[in-house]
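Peer 1: One structure coming up, written as structure tokens, with questions to follow.
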Amino acid sequence: MEIILKQDINNLGYKDDQVKVKNGYARNYLIPQGFAVMASETNKKIHAENLKQRAFKLEKIRNEAETFAKSLENVVVKIGAKAGASGKIYGSVNSIQIAEALKEQFNIEVDRKKVVIIGESVKELGTYKAKINLHKEIKAEISFEVFAE
């Protein structure tokens, strides 16, 4: 079944995308929850008109995301963690801690759900990379350093 998404859904698509999903997933979850509408001919025409009207706003949002990504290029976030003598930290560093550290150190507010750690989980001291999804086409990459407190 082909549907039009009303909002971003992880591992499926972004708002206003037309995607093909299984019938049960669309009928039992996406449509009743208000996450999507069926892609009938009338809904496609309404959707095309809405996209045409929003094109200017979307371009402005995209440009803001690009400038924000450029400001994040050379940012190195420092995250303190309790560590043992061997360099292993107790627990692990996650996207919530990265988002909070960005806010504290650089006064940059990023939604924690948009921060993705590149590679495996962070369980040792060192420098790592994270990706921030600012827009569906624009992703910024930052590095963060985990040090012992």
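The values are calculated or read from the model by the stated rules, or taken from the named source; none is laboratory data. All figures in this text were calculated on a predicted structure; none of them were measured in a lab. Note: ideal-geometry Cβ built from the backbone for every residue, glycine included; neighbour counts use all protein chains shown.
Peer 1: Where in the range 63-149 are there strands (runs of 3 or more DSSP E), lying wholly inside it, with at least 2 residues that are touching a residue at least 12 places away in the same chain (Cβ under 8 Å) and within 25 Å of Lys15 (Cβ to Cβ)?
Peer 2: 115-117, 126-133, 139-148
Peer 1: Hey, another quick one. Among the residues of the range 102-148, write down those that are of a type in the set (Lys, Arg) and either over 21 Å from Tyr90 (Cα atoms) or out of contact with any Gly (no Cβ under 9 Å at 6 or more places or on another chain) (or both).
Peer 2: Lys103, Arg112, Lys113, Lys114, Lys131, Lys136, Lys139
Peer 1: Here's something else I'd like to know. Name the residue, out of Lys15, Lys20, that is without any contact (Cβ under 8 Å) to a residue 24 or more places away in the chain, more than 25 Å from Val115 (Cα to Cα), in contact with a strand residue (DSSP E or B) (Cβ under 8 Å, 6 or more places away or on another chain) and exposed (fewer than 15 other Cβ atoms within 10 Å of the Cβ).
Peer 2: Sole residue among the options that is without any contact (Cβ under 8 Å) to a residue 24 or more places away in the chain, more than 25 Å from Val115 (Cα to Cα), in contact with a strand residue (DSSP E or B) (Cβ under 8 Å, 6 or more places away or on another chain) and exposed (fewer than 15 other Cβ atoms within 10 Å of the Cβ): Lys20.
Peer 1: Would you point out which residue out of Val122, Val110 is over 10 Å from the mean Cα position of the chain (by Cα) and outside the structural domain of Asp16 (by TED's automatic domain parsing)?
Peer 2: Val122
Peer 1: Let me ask something additional. Can you tell me which residue is farthest from Leu102 (Cα to Cα) among those in the range 34-62 that are in a helix (DSSP H, G or I), among the aliphatic types (A, V, I, L, M) and at pLDDT 90 or above?
Peer 2: Step by step, filter the range 34-62, then rank; the result is Ile46.
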